[in-house]
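We did not get these values from a lab; they are worked out from the coordinates using the rules stated. Computed from a prediction, not measured in an experiment: that's the story for all the values here. Positions of Cβ are backbone-derived with ideal geometry, glycine not excepted, and every protein chain shown enters the neighbour counts.
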Amino acid sequence: MSEYESAQWTEQMESVFGLDLRASTDLVQGELSNAALGNVATFKIAGTPQALKRTSAAIGRSDAIPVKVCAVKSGTMVLAREGESDLQLQPGEIAIYDTAVPYELYFYGQWDCTVMTVSREELSLPSRTLNNAFRQYFPSPGAGSVLTQLIESSIFNNVASRESSEFLGHAAIDLLAGLVYEKATPYAPDEALRVAVYSYIRENLGSSQLTVAAVAGAHRISVRTLHRLFEGEAYGVAELIRHLRLEAVYEDLRDPRLQNLTILAIGMRHGIFSQAHLTRLFRAKYGVPPAEFRRGCINSVA
């Protein structure tokens, strides 16, 4: 191993993940392959023993601060964060962690990891559920195993088209959400109720009757209790309904199978029945009106 190869690896870790290699008396080396599944980034990483650090300065320089998933295939990985217990992962175990906070990674032995990054917004999980997931590791059987296989497949088998990439990206997000819901939802009644509310809203986005009062009534709680349930979350209940509706419209506008539907028809699929209202909300959230966004998606495929 040469100093040049070690320097290349150091630069790659900094540019791709915003990770600094900590001072070491030994030269370190690694290999990285990557792909994309829609808005999901996937990686296959392997290397020699080393320590990597995500600093506050690196976070401040980052354009994006996604949620990161790491499945250990060989070797040992330790994830260390201030104020949290260290997580030690062996082959077959998965960690989910937040790149918006500083952390350190220690790799022992000849290690090999499968990695995925996705934004918190794409996941659309309750904040407390996701934060609970950050504090534990997950065994790979079940959803974790399927997710790992999907990530690896994206790297070793070229995805034929943008459409295929988008669909597989949605599948990866759904598998990650399923893994979190299965293993990381706290037993506290409030958290279980919050997860049930999220599911109810998703299942009823197209209904014109989906209101805060309707959500509260469906769960036999008062509107005041429902609002209190979402204190500290990224979105209140009304904001969450609007966010999930716009997110669903966004995905439908990108879907080539729905090009025959008008923008209003797509909005109505998700409970927005005025094109002017849809245009105003969509522009406020994504910076462009829906018609312009859809044209850009079509032109990028052509």
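Computed from backbone phi, the HN-Hα couplings of the range 83-96 come to x, 10, 5, 5, 10, 10, 10, 9, x, x, 10, 10, 10, 10 Hz, rounded to whole numbers (Karplus: 6.51 cos²θ - 1.76 cosθ + 1.60, θ = phi - 60°; Gly and Pro given as x). A simple spin-label model places the labels of Ser199 and Gln136 1.7 nm from each other, with each point 7 Å out along Cα-to-Cβ. If the segment from Gln12 to Phe273 were pulled out straight at 0.36 nm per residue, it would be longer than the present Cα-Cα gap by 89.2 nm.
Taking the alpha-carbon distance from Lys44 and a cut-off under 13 Å, which aspartates and glutamates remain once sequence neighbours fewer than 8 residues away in the same chain are dropped? Qualifying aspartates and glutamates at Cα under 13 Å: Glu31, Asp112, Glu152. Spatial offset of the range 20-98 relative to the range 162-177 amounts to 22 Å, using the alpha carbon center of each.
Pairs of alpha-carbon atoms within less than 8 angstrom and 6+ residues apart define the contacts here; what relative contact order does the range 30-168 have, in percent? 33 percent. Spin-label model, Leu264/Ile221: points 7 Å from Cα along the beta carbon direction are separated by 3.8 nm.
Over the residues of the chain, the helix contribution to mean residue ellipticity at 222 nm works out to -15000 deg cm²/dmol, using -39500 (n - 2.57) for each DSSP H run of at least 4. Working from Cα pairs under 8 Å separated by at least six residues, relative contact order for the range 189-301 is 23 percent. Each peptide in 230-237, 117-124 gets a packing score, the mean of other Cβ atoms within 10 Å over its residues, and the list from highest to lowest is 117-124, 230-237.
Give the relative contact order (percent, whole number) for the chain; include only Cα pairs under 8 Å separated by 6+ residues.
Values: 465 pairs, mean separation 42.6, N = 302.
It comes to 14 percent, rounded to a whole number.
For the chain, a crude dipole built from +1 on the beta carbon of Lys and Arg and -1 on the beta carbon of Asp and Glu, taken about the Cα centre, is about 1260 debye to the nearest 20. Could you give the Stokes-Einstein D for the range 3-184 in µm² per second, using the C-alpha Kirkwood radius, 4 °C, 1.567 mPa s? Rounded to a whole number, D works out at 78 µm²/s.
When both the range 252-274 and the range 126-159 are represented by their alpha-carbon centers, they are found 30 Å apart.
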